[in-house]
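> Pasting a structure here, questions to come.
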Amino acid sequence: MGLSFASARLIMALFFFYSSSMANWLIRIPDVQHKLGMDPATLAICLLGVPIGLVTSMAFSGAVVEWLGPRRAIKIGFPLLLVPLLLPGFAPTPTLLFFALVLVGLGMGPLEVALNVTADRIGRAIGRTVMSRCHAFWSFGLMGGSITGSLAATYNLPPEIHMIVVVICVFVIGEALASRLPHIETAEDDAPKVKTSSFVLPSPKIVLLCLFAFGMLLVEGGIIDWSAIYLRDVFGATPPTTGYALTAFSLVMAFGRLAGDWLSMRYGAVQMGRVCCTVALVGLLVMVFAVNPFMVIAGAAATGFGVSIVFPLAVTAAASREGPPAVNVAALSLLSFSGFLLGPPMVGFVAQFGGYRMGMATLLLATLMSLLLSGEVRPRKPASTRIPAKDGGRDTAAESV
């Protein structure tokens, strides 16, 4: 049990550094937009590069993680993400920025699936889910990255130099943490292997679950990419104030996820899904009708709680459904994460013709869809997980609750 608890801390830390690397780039989007002289529509087209790359990568990531094993996939996944993450800051034209972001999206897939599958395995090994807490640390990483990104922007550190420092630090720490993860076997490892297609699409059994997560992740992506620009262009805010909405959003989302496992067990996954979607709807309304930066920051904070445990609940449900967990998680991520990454371009295209308020208002429709589909979330089914004994003794096993 001690080994499993230590593993839980390791995977939480890996979630933190994964998201912090992305957040440092996201907070510098306004600077890259200004440097390249892009209007909202042009920036929106460039931001499409990440979802194009991610959807392409995610379609094969489940099979890749099944083949490599989650631990090895994490070790390989960090450099696959971090090397492309160096490129956007150096892009001299919008076209090259688009292709750089495609490479970033391609690098995200294997790491995203491997981290979530490992979190699910560790949760089953210690007898209780840690998925929501892992995603809380993803949110803390988002907050930490937004703070360091805001500081870099405040002191006019060029985005390309800033990202070099970030990539080096995250690579060293990420590889060191990943090398300490134990190999965790599951009941599926002992079952006869069934050949599956390397190209993964959501099965009919989880399509509505995917759409539930899709809507709220679309909201999350829209706020993460556009909140700084929204504060700057609508309210005249300057750094570091432009980063406060993302910081508030990430902080409240992180604390929501820390409490998410207890809340979902106490009140039920479906009930918490409905509550979260309702709170997100209210927060977005405050942001759309805000008259000052404080209201935008407060609305972003409320929306952060709203989106906090939606994806962890969906991942837990998908991992417990019939079939290999890595394939199910990849299929869920294929559709739902496309919402996370399609949200920013959607907001940008609408903002080009209707203004930034109208762009943010489009996120309300996605929130309503998720609210209507909240009933698709189901509690985890019991499953056994085993950590092989290193001394050849009897394996330890635990049942999830």
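The values are calculated or read from the model by the stated rules, or taken from the named source; none is laboratory data. For clarity, every value in this text was computed on a predicted model and none was experimentally measured. All Cβ positions, glycine included, derive from the backbone under ideal geometry; neighbour counts span all protein chains shown.
> So Gly236 fits all but one of (1) at positive phi; (2) in contact (Cβ under 8 Å) with a residue 60 or more places away in the chain; what number is the exception?
Unmet for Gly236, out of (1) at positive phi; (2) in contact (Cβ under 8 Å) with a residue 60 or more places away in the chain: (2).
> A further question on this structure: List the number of the failed condition for Thr367; all other conditions in (1) surrounded by fewer than 21 Cβ atoms within 10 Å (Cβ to Cβ); (2) closer than 12 Å to Leu217 by Cβ hold.
Failing condition for Thr367: (1).
> Listed residues Val104, Val130, Val113; which is in contact with a Gly (Cβ under 9 Å, 6 or more places away or on another chain) and farther than 24 Å from Asp261 by Cβ? Spell out how you get there, then give the answer.
Details: Val130 fails: farther than 24 Å from Asp261 by Cβ; Val113 fails: farther than 24 Å from Asp261 by Cβ.
Only one candidate passes the filter, namely Val104.
Yes/no matrix, rows are residues, columns are (1) crowded, with 24+ Cβ neighbours inside 10 Å; (2) touching a residue at least 12 places away in the same chain (Cβ under 8 Å); (3) within 27 Å of Pro239 (Cα to Cα); (4) touching a Cys at 6+ places or on another chain (Cβ under 7 Å):
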{"site": "Leu87", "(1), (2), (3), (4)": "no, yes, yes, no"}
{"site": "Leu97", "(1), (2), (3), (4)": "yes, yes, yes, yes"}
{"site": "Met108", "(1), (2), (3), (4)": "yes, yes, no, no"}
{"site": "Arg124", "(1), (2), (3), (4)": "yes, yes, no, no"}
{"site": "Ile147", "(1), (2), (3), (4)": "no, yes, yes, no"}
{"site": "Asn156", "(1), (2), (3), (4)": "no, no, yes, no"}
{"site": "His162", "(1), (2), (3), (4)": "no, yes, yes, no"}
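> Further question on the same structure: Can you confirm whether Ala114 is within 24 Å of Leu251 (Cα to Cα) and in a helix (DSSP H, G or I)? Talk me through it step by step, then tell me what you get.
On the way: within 24 Å of Leu251 (Cα to Cα): no; in a helix (DSSP H, G or I): yes.
So Ala114 does not fit the description; no.
> Here are some residues: Val282, Val270. Which one is within 25 Å of Gly354 (Cα to Cα) and of a type in the set (A, V, I, L, M, F, W, C)? Give the derivation first.
On the way: Val270 fails: within 25 Å of Gly354 (Cα to Cα).
Checking each option against the conditions leaves just Val282.
Conditions (1) surrounded by 23 or more Cβ atoms within 10 Å (Cβ to Cβ); (2) at pLDDT 85 or above; (3) of a type outside the set (Asp, Glu); (4) out of contact with any helix residue (DSSP H, G or I) (no Cβ under 6 Å at 6 or more places or on another chain), marked per residue:
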{"position": "Gly37", "(1), (2), (3), (4)": "no, yes, yes, yes"}
{"position": "Cys46", "(1), (2), (3), (4)": "yes, yes, yes, no"}
{"position": "Phe60", "(1), (2), (3), (4)": "no, no, yes, yes"}
{"position": "Glu66", "(1), (2), (3), (4)": "no, no, no, no"}
{"position": "Ile74", "(1), (2), (3), (4)": "yes, yes, yes, no"}
{"position": "Phe78", "(1), (2), (3), (4)": "yes, yes, yes, no"}
{"position": "Val83", "(1), (2), (3), (4)": "no, yes, yes, yes"}
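> Could you tell me which numbered condition Phe140 fails, if it satisfies all but one of (1) crowded, with 24+ Cβ neighbours inside 10 Å; (2) under 14 Å from the mean Cα position of the chain (by Cα)?
Unmet for Phe140, out of (1) crowded, with 24+ Cβ neighbours inside 10 Å; (2) under 14 Å from the mean Cα position of the chain (by Cα): (1).
> Since Asp261 meets every condition but one in (1) touching a Leu at 6+ places or on another chain (Cβ under 8 Å); (2) in a helix (DSSP H, G or I); (3) modelled with pLDDT under 85, which condition does it not meet?
Answer for Asp261: the failing condition is (1).
> Residue check, Met360 against (1) over 24 Å from Asp39 (Cβ atoms); (2) crowded, with 24+ Cβ neighbours inside 10 Å, all met but one. Which one?
The one condition Met360 does not meet is (1).
> Taking Phe255 as the residue in question, decide whether it is of a type in the set (Phe, Trp, Tyr) and more than 23 Å from Leu368 (Cβ to Cβ). Let's see the steps before the verdict.
On the way: of a type in the set (Phe, Trp, Tyr): yes; more than 23 Å from Leu368 (Cβ to Cβ): yes.
Answer is yes for this residue.
> So which residues in the range 253-268 are among the basic types (Lys, Arg) and surrounded by 20 or more Cβ atoms within 10 Å (Cβ to Cβ)? If you could, list the steps in order and put the result at the bottom.
First pass over the range 253-268, keeping only residues among the basic types (Lys, Arg): 257, 266.
The answer is Arg257, and nothing else.
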